[in-house]
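The values are calculated or read from the model by the stated rules, or taken from the named source; none is laboratory data. Owing to the predicted nature of the structure, the values given are computational and were not obtained by experimental measurement. Because the Cβ atoms are built from the backbone with ideal geometry, glycine has one as well, and the counts that use them run over all protein chains shown.
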Amino acid sequence: MKVCVVGASGKLGKYMVQHCLELGYEVVGVCREKSVGKLDEFKDKMTIIPGPTNDRELIKQAVAGCDAVLTVLVPWGVQQYSSGTAQAVMDFAKPGARLIFSCGWHITRDGQDVYSNSFKLMVSIFGKIGRFFRAVELDDQVEACRRIFKSDTKWTVVRGSDLEEGESQGLPVWSQHIGDPILKSNKTRRIDFALFMVDSLVKDNLIQEAPAIVGCQTPSALEHSS
Ligand SMILES: NC(=O)c1ccc[n+]([C@@H]2O[C@H](COP(=O)([O-])OP(=O)(O)OC[C@H]3O[C@@H](n4cnc5c(N)ncnc54)[C@H](OP(=O)(O)O)[C@@H]3O)[C@@H](O)[C@H]2O)c1
């Protein structure tokens with residue numbers, strides 16, 4: 001399988017590259033020019049295409065011939081970075097390619113998610129501060145996902161909980177809605193978020209789903225996993 005990782009140099013991206021290479025996949029990575037050095041440990045085992053991930057021509061070149069695309073949706077800057085990236089991936093990936101996108105729990109597909117007041121406050125404050133400093137545009141990640149949810153491509157939007165570093169604990173568990181008891185612990189190892197993204201490539205039951213994930217060893221997962 002030939003897989004493109006968009007946002008390959010970030011923490012999540014590097015874990016995804018690592019998992020893909022371990023599975024023997026051919027990997028093409030897109031990252032900002034100034035971040036190419038962050039992929040030094042993999043540079044002999046993958047193709048790196050430097051540039052902004054919302055550059056449509058760059059994405060067209062990167063996803064050519066790929067069976068799947070793993071995209072880190074980041075809302076940085078005020079330049080439609082998330083929606084521009086998502087749109088380019090959907091427009092140029094080959095028909096039938098598996099498209100996996102990452103985002104946070106604040107994304108809702110059907111409005112059935114139930115958020116705590118503290119979570120809503122945190123998203124609101126983070127969004128306002130980010131917008132004020134023109135550093136983060138959370139609404140654009142919402143727009144990116146709105147477009148993905150409408151698309152008839154083979155997409156999966158993986159909604160990550162709060163993240164932590166540490167050794168892998170195994171494949172996270174998931175549920176369709178925030179507020180479901182299994183997700184209560186709200187913690188996933190970043191390496192396992194990446195594992196779930198990569199594992200989704202071969203999970204047909206996740207096509208056109210927006211799983212919300214949590215670490216498989218967290219108390220809520222252990223209590224509610226069947
Ligand atoms: N952090 C959390 O607690 C959390 C929680 C839930 C879900 N998520 C989701 O997880 C995914 C990755 O999150 P992460 O925290 O692990 O971050 P990450 O993997 O380190 O990703 C950050 C990405 O943003 C890029 N980036 C940084 N500054 C940028 C800028 N100014 N312009 C354009 N790109 C820029 C980085 O590229 P460079 O390598 O070039 O800097 C990197 O690819 C996202 O989809 C996020 O929504 C995160």
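Within region 32-55, track down each residue that is more than 8 Å from the ligand (Cβ to nearest atom), surrounded by 15 or more Cβ atoms within 10 Å (Cβ to Cβ) and more than 11 Å from residue 9 (Cβ to Cβ).
If the condition is that a residue be more than 8 Å from the ligand (Cβ to nearest atom), surrounded by 15 or more Cβ atoms within 10 Å (Cβ to Cβ) and more than 11 Å from residue 9 (Cβ to Cβ), then 46, 49, 51, 54, 55 are the ones that fit.
The rows are residues; the columns are (1) away from the ligand (no atom under 13 Å from the Cβ); (2) touching a residue at least 40 places away in the same chain (Cβ under 8 Å); (3) out of contact with any strand residue (DSSP E or B) (no Cβ under 9 Å at 6 or more places or on another chain).
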{"residue": "103", "(1), (2), (3)": "no, yes, no"}
{"residue": "109", "(1), (2), (3)": "yes, yes, no"}
{"residue": "117", "(1), (2), (3)": "yes, no, yes"}
{"residue": "121", "(1), (2), (3)": "yes, no, yes"}
{"residue": "130", "(1), (2), (3)": "no, yes, no"}
{"residue": "138", "(1), (2), (3)": "no, yes, no"}
{"residue": "147", "(1), (2), (3)": "yes, yes, yes"}
{"residue": "151", "(1), (2), (3)": "yes, yes, no"}
{"residue": "154", "(1), (2), (3)": "yes, yes, no"}
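For residue 114, which of the numbered conditions (1) surrounded by fewer than 18 Cβ atoms within 10 Å (Cβ to Cβ); (2) in contact with a Leu (Cβ under 6 Å, 6 or more places away or on another chain) fails to hold?
(2) is the only condition that residue 114 fails.
Let's see how each residue does on (1) more than 14 Å from the chain's Cα centre (by Cα); (2) buried (at least 23 other Cβ atoms within 10 Å of the Cβ); (3) more than 18 Å from residue 193 (Cα to Cα); (4) β-branched (Val, Ile, Thr):
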| site | (1), (2), (3), (4) |
| --- | --- |
| 17 | no, yes, no, yes |
| 21 | yes, no, no, no |
| 84 | yes, no, yes, no |
| 91 | yes, no, yes, no |
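Name the single residue, out of those in region 66-78 being out of contact with any helix residue (DSSP H, G or I) (no Cβ under 6 Å at 6 or more places or on another chain) and either more than 8 Å from the ligand (Cβ to nearest atom) or of a type in the set (Gly, Ala, Ser) (or both), that is modelled with the lowest pLDDT.
Only one residue tops the list, namely 78.
Against the condition free of Cβ contacts under 8 Å to residues at least 60 places away in the same chain, surrounded by fewer than 17 Cβ atoms within 10 Å (Cβ to Cβ) and on the phi < 0 side of the Ramachandran plot, how does residue 125 come out, does it pass?
So residue 125 passes the test.
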